[in-house]
Amino acid sequence: MEIRDARREDAEEACRVLRRSIVELCAADHRHDPGLLAAWLSNKTPQTVAAWMSRPDASYLVAVDEGAIAAIGAVTDAGEILLNYVSPDARFRGASRVLLAALESRAAERGATRCTLISTETARRFYRARGYEEVGPPVRKFGMDSGYPMSKPLGLTATLPVPSGGV
């Protein structure tokens with residue numbers, strides 16, 4: 001699996017991954033409600049995804065497996081994870097895990113000391129298993145009450161206590 005920066009020409013395939021992930025994998029969130037799905041998918045167009053990719057304060061990354069985009073993610077320079085969606089074809093093959101690690105590394109490279117995100121119900125356990133903690137009550141997003149604010153410190157200095165008495 002290769003992780004690389006997303007390119008403008010990836011927008012159409014990345015958009016398909018986003019839409020399929022939402023429709024096929026996030027039923028715990030949208031409950032197959034046509035109105036909720038329509039709201040969630042409304043801004044997931046190739047044109048919108050291409051515009052997102054040109055955002056100067058964020059990095060859009062893709063996980064590519066056997067020539068196809070397996071997952072797409074985005075993180076701001078401040079450490080806010082905006083996207084982390086996996087293709088149903090790549091689920092449970094490590095794409096989300098590897099992509100999340102790359103997003104966290106990119107945020108740290110850009111000076112962030114913590115990553116924050118709003119998790120879906122579907123991904124909540126995934127993020128908890130990777131050190132994220134819930135930091136507030138659920139928030140409403142796209143008409144659903146299943147957005148969970150989460151946070152994780154980045155780097156060794158943020159997770160290990162400094163020994164007293166010097167090193």
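Computed from the coordinates by the stated procedures, all read-outs in this text should not be read as laboratory data. Remember, it's a predicted structure, so these values are computed and weren't measured experimentally. For neighbour counting, all protein chains shown are included, and Cβ atoms are generated from backbone atoms with ideal geometry for every residue, glycine included.
Please give the length that would be gained between residue 92 and residue 57 if that part of the chain were fully extended, namely 0.36 nm times their separation in residues minus their C-alpha to C-alpha distance (nm, one decimal). Numbers along the way, then the final one.
Working: separation 35, 0.36 × 35 = 12.60 nm, distance 3.00 nm.
The span from residue 92 to residue 57 would gain 9.6 nm if fully extended.
Amide H contacts of residue 141 (H built 1.01 Å from N, in plane; Pro and chain starts excluded): 146, 147 sit under 5 Å, all sequence-distant by 5 or more or on other chains. Entry note, the chain: the mean residue ellipticity at 222 nm calculated from DSSP H runs of n ≥ 4, each adding -39500 (n - 2.57), is -9500 deg cm²/dmol after division by the residues and rounding to the nearest 500. Mean projected area of the convex hull spanned by the Cα atoms of the chain, taken over all viewing directions: 10.6 nm².
Springs join every pair of Cα atoms under 10 Å in this Gaussian network model of the chain, and among 86, 64, 139 the largest mean-square fluctuation is at 139. When 40, 52 are sorted by how many other C-beta atoms sit within 10 angstrom of their C-beta, beginning with the fewest, the order is 52, 40.
Working from Cα pairs under 8 Å separated by at least six residues, relative contact order for segment 2-155 is 23 percent.
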